[in-house]
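The values are calculated or read from the model by the stated rules, or taken from the named source; none is laboratory data. Everything numeric here is computed off the predicted structure, so don't read it as measured data. As a convention, Cβ positions derive from the backbone with ideal geometry for all residues, glycine included, and neighbour counts pool all protein chains shown. Side chains included, ligands, DNA and RNA excluded: accessible areas come from the protein's heavy atoms. Shrake-Rupley method; radii C 1.70, N 1.55, O 1.52, S 1.80 Å.
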Amino acid sequence: MREYDFIVVGTGVSGLSFALKAAAHGRVAVLTKRSPEVSNTAWAQGGICCVADPQDSFEAHIADTIDAGAGLCEETVVNTIVRSAPAAIDAMIAQGVNFDREPDGSFSLGKEGGHTQRRILHARDTTGREISEKLLAAARHEKNIEILDNHFAIDLVTTAKLGFKGENRIVGLYALDEVNGKIITFRSDRVILCTGGCGRVYLYTTNPKVATGDGIAMAYRAGATVANMEFIQFHPTCLYHHELKNFLISEAVRGEGGILIGRDGKEFMAAYDPRGSLAPRDIVAQAIDHEIKRTGGPCVYVDIAHRSKNYITKRFPNIYETCLSVGIDAARQPIPVVPAAHYQCGGVQTDIDGATSIAGLYAVGEVACTGLHGANRLASNSLLEGAVVATRTFERIMTHQRPGDIAKSYNVPDWISGDAENVDELVVIYHNWDEIRRLMWDYVSIARTDKRLKRASTRLQNLRREVQEFYWNFKICPELLELRNLVETASLIVECAQSRHESRGLHYTLDFPSPNDSMPAQDTLLVREPVTG
Ligand code: SIN
């Protein structure tokens, strides 16, 4: 058994920001199922919101966030996170992060959908990579931080799981060491989930392969409350190309003048929203979905070719080069795009300090639902949320749960593998994986109906049974763990969607096409009894 003062799962902005703070106060294990460079953070293009222009104000950023959130934002959370942005940016700069600047030294500020002002700090079009590289380099210098790559967190261990009555408290977790196939028992009274989202439950996504809902699924199995999983954000503009399936065309391209056009070359967004191509994402994604169905075309286009080549290659070098690598010259022709799953606005329910309903278990970033995003996230608010809430989580732990404070230490029994066999046919895993992603795309994506959700739910129940059988009969491997988490997360999305009888933000259903304004908007909450033993 390995014991740490803090166990962090995930190496995006949330996990690394927390670990860098905690390292001065105890030993920190940072687990990641692949290499630490791979995270949703590292793939973020657009940037991070912060009020920095004299024309802008905290009030305007708060109002834009609440407007996008369609009645479900927690106003105190929005207020606190928006006002904490300058300090979060200063902390990143202190770790070496370089944001683009104007010749006069002020920040170069981008614009994205739903923002009434320019307030997106960026590092060209690879902001996430810049943040991830600098925080990771700083973490590697800390002797108290141990980054354990290829360690796949399987399940959380809580007092309820061990059979104790009373408050459910975290005591550790089991993780698969993917290199030697051994399952390791980790003990800690402070576990911080920073595992990102679940884009991979959908056939088309802008997310990296690691985004399989692991943190959500683990927390739910352990008995944590999960909220608002029906609100999956579809980014309107994922590159449409058979060789490159999940490359994002940042909203910043539209912020710098890119226009959405149909196959006839005509702008179409003005017919849907006065903000045109820069309307909030739920509106743009639904409009594109509608246009694609209406015209029978496979995609629409973002046209930025009216800007100079010099400008495009300097501001969007990654997008320009990547498109060019598949034969699309963005300085001369429109870029074909389709919507794709991008961000999970719901997650493990937490307060603004990352605390979940399980004592000692915290969740930060996309895995969590603090109430910042409500029913639809405002673009580039998420890196900010990760950085701010990570700091607040650390401060909360130091006030309420310092290392050594827990009166009783619980023993965590070792994992029992029994006589499970090796999975002899990975094909069964891949088959189920494909089936989940396809059915979620067909039945549970941008436009939903009761009938489609019912179909999805029935299929998922069968798949869950099958996956559970594999889980007990075969030796654990990463593919099986991801499949188990995917089916769990997909089921949470469907269950939440089925219980919302209205359209709101990112949840759009043809059966109830408007918000139910006859009562105050409510979160969708799910909690299950933790399994003991
Ligand atoms: C983008 O660059 O369009 C993504 C930004 C975000 O999802 O916040």
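Quick notes
- Average accessible surface for the stretch 104-210: 35 Å² per residue, computed with a 1.4 Å probe over protein heavy atoms with every protein chain in place.
- In the chain, the calculated helix contribution to ellipticity at 222 nm averages -11000 deg cm²/dmol per residue, counting -39,500 (n - 2.57) for every DSSP H run with n ≥ 4.
- What the Cα atoms of the stretch 162-220 give is an Rg and a Dmax of 14.6, 43 Å.
- Here the stretch 1-87 is treated as a sphere whose radius is the Kirkwood value from Cα pairs; by Stokes-Einstein at 25 °C and 0.890 mPa s it diffuses with a coefficient of 157 µm²/s.
- Alpha-carbon centroids, the stretch 347-412 and the stretch 172-213: separation in whole Å: 17
- The charge dipole of the stretch 110-178, taken about its Cα centre with unit charges on the Cβ of Lys, Arg, Asp and Glu (plus for the first two, minus for the last two), comes to roughly 440 debye.
- When the charge dipole of the chain is built from unit charges on Cβ atoms (+1 for Lys and Arg, -1 for Asp and Glu) and taken about the Cα centre, the candidate among Ala29, Ala490, Gln233 whose Cα reaches farthest toward its positive end is Ala490.
- Counted over all Cα-Cα pairs of the stretch 42-147, pairs farther apart than 15 Å make up 67 percent.
- Of the peptides 268-279, 176-187, 197-208, the order by per-residue mean of other Cβ atoms within 10 Å, starting with the highest, comes out as 197-208, 268-279, 176-187.
- Taken per residue, the accessible surface of the stretch 429-509 reaches 41 Å², heavy atoms only and a 1.4 Å probe.
- Equivalent ellipsoid, the chain (semi-axes from 5 times Cα gyration tensor eigenvalues, Å): 35, 27, 22
- As a rough guide to protection, the peptides 77-90, 422-435 ranked by mean Cβ packing within 10 Å, highest first, stand as 77-90, 422-435.
- In terms of distances greater than 29 angstrom between alpha carbons, the cross-link table entries Lys266/Lys314; Lys161/Lys475; Lys161/Lys245; Lys266/Lys454; Lys165/Lys209; Lys143/Lys245 yield Lys161/Lys245; Lys266/Lys454; Lys165/Lys209; Lys143/Lys245.
- Residue (of Phe186, Ala60, Ile436) at the positive-pole extreme of the chain, dipole from beta-carbon charges: Ile436
- Computed about the Cα centre, the dipole magnitude for the chain is approximately 220 debye when only Lys and Arg (+1) and Asp and Glu (-1) carry charge, each at its Cβ.
- Within the accessible area of the stretch 145-282 (1.4 Å probe), percent carbon and sulfur: 51
- Protein heavy-atom accessible surface, 1.4 Å probe, per residue over the stretch 292-367: 36 Å².
- Rel. contact order, % - alpha carbon contacts under 8 angstrom, at least six apart, the stretch 336-435: 22
- For the stretch 234-255 versus the stretch 1-79, the gap between their alpha-carbon centres in whole angstrom: 23
- Antiparallel DSSP beta bridges within the chain, as percent of all bridges there, nearest 5: 65
- Assuming charge only on the beta carbon of Lys and Arg (+1) and of Asp and Glu (-1), the dipole of the stretch 264-358 about its Cα centre is about 420 debye to the nearest 20.
- Whole-percent pair-distance distribution, where bins are 5 Å wide, for the alpha carbons of the stretch 492-533: 5, 19, 27, 21, 10, 6, 5, 4, 2
- Projected-area average for the stretch 172-304 over all orientations - Cα convex hull basis, square nanometres: 11.6
- Distance between modelled label sites at Lys454 and Ser325, nm, 7 Å Cα→Cβ extension: 4.6
- For the chain, with +1 on Lys and Arg beta carbons and -1 on Asp and Glu, the positive-most of His115, Ala279, Ala390 along the dipole: Ala279
- Carbon + sulfur, % of accessible area of the stretch 77-134 - ligands and nucleic acids excluded, 1.4 Å: 46
- Our analysis of the stretch 98-249 gives Rg over Rh at 1.04, with the two radii drawn from alpha carbon positions and Rh computed by the Kirkwood formula.
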